[in-house]
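Q: Once you've had a glance at the structure underneath, I'll fire off some questions.
Where a number appears in this text, it was derived from the coordinates with a stated rule and is not lab data. Keep in mind it's a predicted model, so treat the numbers as computed, not measured. Reconstructed Cβ throughout: ideal geometry from the backbone, glycine too, with neighbour counts over all protein chains shown.
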């Protein structure tokens with residue numbers, strides 16, 4: 001397998017564009033691949049055209065890889081089914097594991113290419129993933145479920161870059177100026193406006209139900225359990241409530257939600273399944289992030305029979321079943337799993 005070649009995931013955006021440019025400057029023979037993951041109208045025509053323009057500028061081939069069927073089975077259906085079950089999914093984590101660093105690696109194999117690169121803001125030494133230099137863009141959390149065996153093949157040139165510098169770098173190249181200044185996407189790729197719009201295509205999400213307190217008493221109403229995630233504060237009614245109330249639990253089988261005051265959201269321990277660790281560990285201290293935009297909290301992790309019991313040094317609020325827990329040793333990502 002050719003280690004002088006690198007397959008770069010090209011989205012038509014500034015991050016993947018600069019990634020390809022930097023790797024070519026480092027002496028790699030760059031091959032691009034645009035991955036079609038969903039069927040949003042007009043989306044791929046526009047972005048594949050931009051990726052091709054980058055390919056023409058660099059003199060490299062851009063493959064078009066239709067992964068929409070695999071994406072539907074592995075990511076989209078997981079998203080929908082998780083909400084049906086009252087869980088809070090993280091489709092980007094699953095996409096990275098099964099599609100971007102699963103199917104894309106398989107495609108690299110078919111081209112006899114060893115290295116695979118993307119525009120993610122993370123660092124990787126072949127054994128572990130590390131947080132990026134830009135704390136506002138660090139995406140290491142989203143790669144905690146990537147299979148350990150692919151790490152030696154991954155390259156992330158933007159791990160040492162600051163986002164503003166990446167934009168400025170691309171803006172200095174005249175033919176890429178519009179790519180450098182385009183609006184950055186921040187939502188899940190197949191969501192156009194809201195999660196509700198996606199879910200409504202597959203089920204009736206507007207099913208009024210009962211709101212319970214933590215003692216199991218009916219205290220109000222809500223508009224349908226799929227509108228809510230753990231910690232949500234609005235969108236339901238509580239009789240006579242003076243303090244703000246938050247969603248504590250979702251009961252999909254009875255279309256009920258349990259609500260309470262903020263202190264009832266506090267959790268000091270939880271379990272994690274579907275563990276994915278980058279080295280053998282059984283009983284250890286580390287920090288854990290229970291959502292992407294939260295601070296890492298010191299904890300002790302004990303692993304038994306494929307599950308981890310996580311005991312927190314300080315409480316977290318709004319812990320949601322189905323979300324991802326990512327374990328860190330300072331800036332080193334140790335792995336992660338699904339909160340259960």
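Q: Hey, what does the equivalent ellipsoid look like for the stretch 204-260, semi-axes from the Cα gyration tensor as sqrt of 5 times each eigenvalue, largest first, whole Å?
A: Details: eigenvalues 51, 25, 21 Å².
Semi-axis lengths for the stretch 204-260 are 16, 11, 10 Å.
Q: If you don't mind, there's one more thing I want to ask. By counting other Cβ atoms within 10 Å of each Cβ, how are 65, 23 ranked from fewest to most? Write down the numbers at each step before the final one.
A: Numbers: 65 15, 23 20.
By the 10 Å Cβ count, ascending: 65, 23.
Q: Sticking with this structure for a sec: Distances over 32 Å make up what percent of all Cα-Cα pairs in the chain? Before the final figure, lay out the partial values.
A: Numbers: 20977 of 57630 pairs.
Tail of the P(r) past 32 Å holds 36 percent of the pairs.
Q: In whole angstrom, note down how far apart the Cα centers of the stretch 112-141 and the stretch 35-86 are.
A: With the stretch 112-141 and the stretch 35-86 each reduced to a Cα centre, they are spaced 20 Å.
Q: Could you check how many percent of all C-alpha pairs in the stretch 59-160 are farther apart than 22 Å?
A: In whole percent, the long-distance tail amounts to 36.
Q: Can you give me the P(r) profile for the stretch 164-316? Cα pairs, bins 10 angstrom wide beginning at 0, each as a whole percent.
A: Histogramming the stretch 164-316 at 10 Å steps yields 9, 24, 24, 25, 14, 4, 0 percent.
Q: In the chain, what % of DSSP beta bridges are antiparallel (nearest 5)?
A: Numbers: 48 of 66 bridges.
Bridges in the chain that DSSP calls antiparallel: roughly 75 percent.
Q: Kindly provide the helix-only [θ] at 222 nm of the chain, computed as the sum of -39,500 (n - 2.57) over DSSP H runs of four or more divided by all residues, to the nearest 500 deg cm²/dmol? Each step should come with its number before you reach the end.
A: Working: 9 runs with 72 residues, N = 340.
Value at 222 nm, helices only, nearest 500: -5500 deg cm²/dmol.
Q: Neighbour counts of other C-beta atoms within 10 Å: give me 114, 28 arranged from fewest to most.
A: Values: 114 16, 28 20.
Lowest to highest Cβ neighbour count: 114, 28.
Q: Regarding the stretch 265-339, what is the average projected area of its C-alpha convex hull, in nm²? Provide the component values of the computation, followed by the final result.
A: Working: hull surface 17.4 nm².
Reported value for the Cα convex hull: 4.4 nm².
Q: Taking the stretch 2-181, how much of its Cα-Cα pair set, in percent, is spaced more than 26 angstrom apart?
A: Details: 4596 of 16110 pairs.
So the pairs more than 26 Å apart make up 29 percent of the total in the stretch 2-181.
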